[in-house]
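The values are calculated or read from the model by the stated rules, or taken from the named source; none is laboratory data. Only a predicted model underlies this, so the values are computations on that prediction, with no experimental measurement involved. Counting neighbours? That spans all protein chains shown, and the Cβs are built from the backbone with ideal geometry, glycine included. Just so you know, the surface numbers come from the protein's heavy atoms only, side chains and all, with ligands and any DNA or RNA stripped out. Shrake-Rupley method; radii C 1.70, N 1.55, O 1.52, S 1.80 Å.
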Amino acid sequence: MKINYKIVKKFSNKDISVKENLQLYRNFQKILNPIHKKAKYEDIKISLTHRDIKVRVFNDFNDNKEHKIIIFLHGGGWVSGSIDSYTNFCHRLSKETNRIVLLIDYRLAPENPFPAGFDDCFDITYLVVKNIKNLNLKTKDICLMGDSAGANLVAAIAHRSRDERKFKISKMILLYPTLQNDYSLKTPYKSVIQNGYDYMLTRKVLKEYTMMYVSTEDDLYDPYCAPLLDDNFKKLPESLIITCNLDPLRDEGRHYVEKLKEAKNKVTHIEYNVMHAYMSNKMYKEETNETYNVINKFLGDNNE
């Protein structure tokens, strides 16, 4: 389908405030992504210290086989996405990859700012990895995956797990990730300015998301909040990173790829001529189908 970007430009509202219309944003996500009746899943509760975290499990297999796992962290700027708005996405992801998908219902900002949601995702990932033997699987059978702000959380978990040596992530998939903290007019990333006005996800919205995510200005410079600020990129997981040419986040994704390669990590980088969040956009059917092929090749599973 050919995209009319003149129409997209008109709908890229540059004045609406996310913070002032947060509930509207959250409701809009649910309206855009109603749960399809064919999407089968089970919700489980995992008890952590002082809190319970819901995990939505996509395991619609009737073959009595042991399936490998994708832990998925949803996007939405850390504030507006939800496991409901990502249910259809993860249902398809499970079908396409022939893997069990665990979708984490982490706490959202601004009610629960950094590092609350990050800690939820880190702790659940730690529990899954540490208990993997109970499923007759190995650590290499787990892939950590996320899109946009969820991809930020994936990268941050990879850095922290390496730093603390509590567990190992073998592979990670970052879809159009946000990885830094500067969405001002002085940002070093040109795509923020080039693509930050006309392609739905605007520079203004990115700036609001970031400021709603953190508690203090110091948080902005925490590498677990902005992984590109880390001074160590060694010994990180094998990575598949997908960027979008019409995305304000394009250049930070490219920069992260460069950092990983410089540190001798194994990286696959693919870029499509599409807007941010294209895998949730029905207008990009061809690119989405191709992306699932790329993901399966990266995972290296036999999905026949």
Q: Would you please name the residue that is nearest to Pro248 (Cα to Cα), looking only at residues in the range 262-288 that are more than 18 Å from the chain's Cα centre (by Cα) and in a loop (DSSP other than H, G, I, E, B)?
A: Asn273
Q. When both residues are 6+ apart or on different chains and their Cβ atoms are under 7 Å apart, which pairs have a first residue that lies in the range 266-277 and is under 18 Å from Lys234 (Cβ atoms), and a second that is open to solvent by 60 Å² or more (accessible area, probe 1.4 Å)?
A. Val267/Lys261
Q | Every residue from the range 198-235 that is open to solvent by 60 Å² or more (accessible area, probe 1.4 Å), at pLDDT 95 or above and either part of a loop (DSSP other than H, G, I, E, B) or polar (S, T, N, Q) (or both) | A | Ser215, Thr216, Asp231, Lys234, Lys235
Q: Pairs only if they're at least six apart or on different chains, beta carbon under 8 angstrom, first in the range 133-157 and polar (S, T, N, Q), second surrounded by fewer than 15 Cβ atoms within 10 Å (Cβ to Cβ); list them, first residue then second.
A: Asn136/Glu66; Thr139/Lys168; Thr139/Ser170
Q | Failed criterion for Asp247 (all others in (1) touching a strand residue (DSSP E or B) at 6+ places or on another chain (Cβ under 6 Å); (2) closer than 16 Å to Val192 by Cβ hold) | A | (1)
Q: May I ask you to list pairs of residues, at least six apart or on different chains, whose Cβ atoms are under 9 Å apart, with the first in the range 11-36 being among the charged types (D, E, K, R) and the second being open to solvent by 80 Å² or more (accessible area, probe 1.4 Å) and in a helix (DSSP H, G or I)?
A: Lys19/Met211
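Out of all the residues in the range 169-181, which are touching a residue at least 60 places away in the same chain (Cβ under 8 Å) and either open to solvent by less than 20 Å² (accessible area, probe 1.4 Å) or not hydroxyl-bearing (Ser, Thr, Tyr) (or both)?
Ile169, Lys171, Met172, Ile173, Leu174, Leu175, Tyr176, Pro177, Thr178, Leu179, Gln180
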Q: Tell me which of these Gly117 doesn't satisfy, since it passes every other one: (1) over 17 Å from the mean Cα position of the chain (by Cα); (2) open to solvent by less than 10 Å² (accessible area, probe 1.4 Å).
A: (1)
(Q) Contact list please: Cβ distance under 7 Å, first residue in the range 107-131 and within 12 Å of Ser161 (Cα to Cα), second residue hydroxyl-bearing (Ser, Thr, Tyr) and assigned to a helix (DSSP H, G or I), pairs at least six apart or on different chains. (A) Val129/Thr139
Q: Name the residue, out of Asn112, Asn98, that is open to solvent by 40 Å² or more (accessible area, probe 1.4 Å) and farther than 20 Å from Ile46 by Cα.
A: Asn98
